[in-house]
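Below: the structure, in structure tokens.
The values are calculated or read from the model by the stated rules, or taken from the named source; none is laboratory data. None of the values given here were measured: they were computed from a predicted structure. All Cβ positions, even for glycine, are placed from backbone atoms using ideal geometry, and neighbour counts span all protein chains on display.
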Amino acid sequence: MSNRRLSRRVLIRRLLLTLAVIAVLWVGFAFVALRMPISGEVTYALDWVWGAAQPLSEGGESGWRVTTTAGVEVTVREGYLGSYSLQLIYCPHKHSPLSWLFGEIITARAGHGEGIDVTRYLASAIEPLARPTRFVLGTVSGNEPLYCEGHYLAARPDRAAAEAQPTTSMVGVTLWLSGEYRLPGATSAMPFTFRTSLANGAIRDILDGAGNAAPIPMDGKTYRVIIERRLDRLFEGIDFSTATPESGGKDVLWALIAETRFVRED
């Protein structure tokens, strides 16, 4: 009888020892995972896809021209756009097999729950629409393993940036455009001015140059993310004969956001 009790005690001790070893190994693995560095950098740039739009060639003046699918010839002579902010959105993932046990610690280490997105860039930039060109904004660091999407917001720039605009006031204005349009069959062009104080933004998948999904890993490298907008689609669907400065400005901004893409450049 005593031998049975002894054997049972030995088995219990061995079982407890085995469980203790497993627990130590799992805890050690968890803290190793927590200490694994997650770092990398992303440089943001704003750019334009010209498509069917063409720059004006008369005397090297600024501006560009496009003919819409409805046959309206639109010439842009001057314009500005407020690009307010950009940020990346991380891919859904689990940080550790022990997240059920160390959820709060791992969450904090990964950057969740802090109320701050480290990839967010407050640009408050004013882009000239009469001379569209690539505009490099700045570089941010990431603290998530992988980013799948990006968010772009066009909105009114802050007052300091707006007041620094040398030609046209952009205080309280998101988008402002002026030029002329010529309807199909018309012999003369008519002037237009579009403006809006509304804001609009989009969340888009991060793509490569071929249009395939291209998530950005935080692997110690620096990646470039280009936010592309299409010039030749800005005036699609606008009825110039009835558009007001406000309705036309809104339509242009909505068309701009609809054609926005996030493109990764390694």
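Within the group ARG182, ARG229, ARG264, which residue is among the charged types (D, E, K, R) and buried (at least 21 other Cβ atoms within 10 Å of the Cβ)?
Numbers: ARG182 fails: buried (at least 21 other Cβ atoms within 10 Å of the Cβ); ARG264 fails: buried (at least 21 other Cβ atoms within 10 Å of the Cβ).
Only one candidate passes the filter, namely ARG229.
How many residues are exposed (fewer than 13 other Cβ atoms within 10 Å of the Cβ), over 18 Å from the mean Cα position of the chain (by Cα) and farther than 16 Å from GLY79 by Cα when one looks only at segment 185-209?
Residues flagged as exposed (fewer than 13 other Cβ atoms within 10 Å of the Cβ), over 18 Å from the mean Cα position of the chain (by Cα) and farther than 16 Å from GLY79 by Cα within segment 185-209 amount to 5.
Can you spot a residue in segment 154-166 that is basic (Lys, Arg) and under 27 Å from CYS91 (Cβ atoms)? Outline the logic, then answer.
Start the filter on segment 154-166 by keeping residues that are basic (Lys, Arg), which leaves 156, 159.
Still in the running and under 27 Å from CYS91 (Cβ atoms): none.
Checked segment 154-166: no residue is basic (Lys, Arg) and under 27 Å from CYS91 (Cβ atoms).
Mind listing just one residue for me: the one in segment 53-111 that is more than 30 Å from PRO145 (Cβ to Cβ) and polar (S, T, N, Q) and, of those, modelled with the lowest pLDDT? I'd like the intermediate steps shown before the answer.
Taking segment 53-111 and keeping what is more than 30 Å from PRO145 (Cβ to Cβ), we get 53-82.
Imposing the further condition that a residue be polar (S, T, N, Q) reduces the set to 54, 57, 62, 67-69, 75.
Details: GLN54: 95, SER57: 76, SER62: 88, THR67: 98, THR68: 97, THR69: 96, THR75: 97.
That would be SER57.
Run ILE238 past the list (1) among the β-branched types (Val, Ile, Thr); (2) modelled with pLDDT under 95; (3) not in a strand (DSSP E or B) and report the number of the one that doesn't hold.
(2)
What number of residues within segment 241-265 satisfy the criterion of being assigned to a loop (DSSP other than H, G, I, E, B), without any contact (Cβ under 8 Å) to a residue 60 or more places away in the chain and either polar (S, T, N, Q) or closer than 16 Å to VAL173 by Cβ (or both)?
Going through segment 241-265 one residue at a time, the tally reaches 3.
Within segment 50-74, work out how many residues are surrounded by fewer than 16 Cβ atoms within 10 Å (Cβ to Cβ) and of a type in the set (Val, Ile, Thr).
Residues meeting the conditions: 1.
For segment 135-148, indicate whether the set of residues that are under 26 Å from THR69 (Cβ atoms) and either of a type in the set (A, V, I, L, M, F, W, C) or crowded, with 18+ Cβ neighbours inside 10 Å (or both) is non-empty. Working first, answer last.
The first filter runs over segment 135-148 and keeps only residues under 26 Å from THR69 (Cβ atoms), leaving none.
Looking for residues that are under 26 Å from THR69 (Cβ atoms) and either of a type in the set (A, V, I, L, M, F, W, C) or crowded, with 18+ Cβ neighbours inside 10 Å (or both), one finds none in segment 135-148, hence no.
Scan segment 216-235 residue by residue and report those that are closer than 24 Å to ARG65 by Cβ, of a type in the set (Asp, Glu) and in a strand (DSSP E or B).
GLU228, the sole residue that qualifies.
Check off (1) touching a Lys or Arg at 6+ places or on another chain (Cβ under 8 Å); (2) of a type in the set (Lys, Arg); (3) farther than 24 Å from THR67 by Cβ for ARG261 and give me the number that stays unchecked.
Only one criterion in (1) touching a Lys or Arg at 6+ places or on another chain (Cβ under 8 Å); (2) of a type in the set (Lys, Arg); (3) farther than 24 Å from THR67 by Cβ is unmet by ARG261, namely (3).
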